[in-house]
1. Arrange the following residues from fewest to most other Cβ atoms within 10 Å of their Cβ: VAL358, VAL73.
2. Once the Cα atoms of helix 417-432 and of the chain are each reduced to a long axis, what angle between those two axes, in degrees from 0 to 90 to the nearest 10, is obtained?
3. So how tilted is helix 91-101 from the main axis of the chain? Cα-based, degrees 0 to 90, rounded to 10.
4. Any idea what the dipole of region 62-178 comes to, in debye rounded to 20, about its Cα centre with Lys/Arg Cβ at +1 and Asp/Glu Cβ at -1?
5. May I ask you to list the residues of region 170-196 whose amide nitrogen lies under 12 Å from a point 7 Å from Cα along the Cα→beta-carbon direction of ALA266?
6. At each listed q (0.18, 0.19 Å⁻¹), what is the log10 of I(q)/I(0) that the Debye formula gives for region 251-325 modelled as equal alpha-carbon point scatterers?
7. Any chance you could run the full-extension gain for GLN222 through ASN378? It's 0.36 nm times the residue separation minus the Cα-Cα distance, nm to one decimal.
8. Compute, for the chain, the length of the dipole vector about the Cα centre, with Cβ point charges of +1 (Lys, Arg) and -1 (Asp, Glu) only. Units Debye, rounded to 20.
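Readers should treat all values here as calculations from the given coordinates under stated rules, not as data from a laboratory. Bear in mind that the values here come from a model prediction, so they are computed numbers and not experimental data. Note that each Cβ is placed from the backbone with ideal geometry, even for glycine, and that neighbours are counted across all protein chains shown.
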Amino acid sequence: MTRGTGKPRNGGNVDKFTEQNPMAPASQKIPFACRLCCSILWLVLLLQPCRAWSSPVAIPAIDNGGYILRRDVPLVQYREQELFIPASTLKILTSLLALEKLGKDYRFETHFFVDPQNNLYIKGYGDPFLTSETLLEIGYKLAGLGVARLGSLFLDESSFVLHGETASLENSANPYDAPNGALAVNFNALPVHVGKDATVVSSEAQTPLIALMREAGANLPQGRHRINVGTLSRPGQLSPALRYTGELFVAQFQRAGIGVQKGYQAKLVPNGLKPIYIHRGSHSLEEIIRACLKTSNNYIANQLFLACGARYFGLPATWDKARRVVAMFTEKSLQLSAKQIFVTEGSGLSRKNRISPVALLTILDLFKPYSALLHQKNNVLLKSGTMKDIYCYAGYFSQGTELTPFAILLNQPQNTRDSVLEALQMVFQQRQSP
């Protein structure tokens, strides 16, 4: 695998396309034969790639990056075969994979069981939208089925086996670093507000105050916080993500009129026990992807990534299965080789991910039927990707119903992607001119 580094191939740090207009008026003194030769030369140039615009277009300075804009043939391209870190533009591939493998109407499930001792088992299958509101709805549903008093809550997350691996190596307190799992709530982000008098409350009206918030807030400054729950672990205790799930289920069940006498713990569903209720997510896959792309939610993207691996290779979901299904999809469906793309997780959070601009354009070609799921900015359907020294764009320019894909991958300290985008848009607009 190679990576684009250093200076452009032309030896400078400014990439420009400044071809002169071959249709400039010829002198009347030029003989007919010469003018005929010039006309033939013009026809030859017209049929060549990268000669589609009518005036010079300068592309801003790029120290380390590449781009491509294509209609039927490339209108403009630069270092398009080299590999770069894509950041969140990779979510387009993850979304495409999920739509192709799971289907746009797919809904995640969470299963509920009651044993003879009146204990409730909850088995998760990776629903990324187990929010506070959803848990309360589930509570009311169970109450309607006659559940009123429970012994214990038993939490079963065995459908995902992730061995502590996360999408990012940073493990920061930021919610974009939150870990994935089979049974997790509120995107594994803990909402906490610390008042002037150090009082700790929930920073969301829909989420009740739980003990985990009090503990986390004791070490936080005044203000509102959303904390990556994975950073709150203590040796010998239940994982903070599962603890968050248990505490929030208990609190929301109480709101719904269901008492839990003995708290919660991790425990597998016994063999042969039949579910009394199967919760099918209130959001279709298409709706989940729209939300994921709009907010660039890393947690959601990787729940989809892991679910695709489990759908193809069976439960439990693992990072390895997800990587394998992506590798198969990119090779067989997209005709992309390992020299053009390497994916280690589905959100773009890992700096190990690599993709070439032309490979990203290939993904965009297949994503066209779902292009409306992208955010629209200044009449451009766009997905951005941003990390330290990583500035990327991918999407489509549109003319009527026709979509022209583009990819910009910059791996450099200077964020010039908006200027590059404007230059590519100028090329596109000139291509539309008569």
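1. Details: VAL358 20, VAL73 12.
In increasing order of surrounding Cβ atoms, one gets VAL73, VAL358.
2. Approximately 50 degrees, to the nearest 10.
3. For 91-101 against the chain, the angle is about 70 degrees.
4. Details: 10 positive and 16 negative charges, 70 e Å.
Here the size comes out at about 340 debye.
5. Answer for region 170-196: 182-183.
6. Values returned for q = 0.18, 0.19 Å⁻¹ are -1.04, -1.07.
7. This chain segment gains 52.4 nm when fully extended.
8. Numbers: 45 positive and 32 negative charges, 105 e Å.
In total the dipole reaches around 500 debye.
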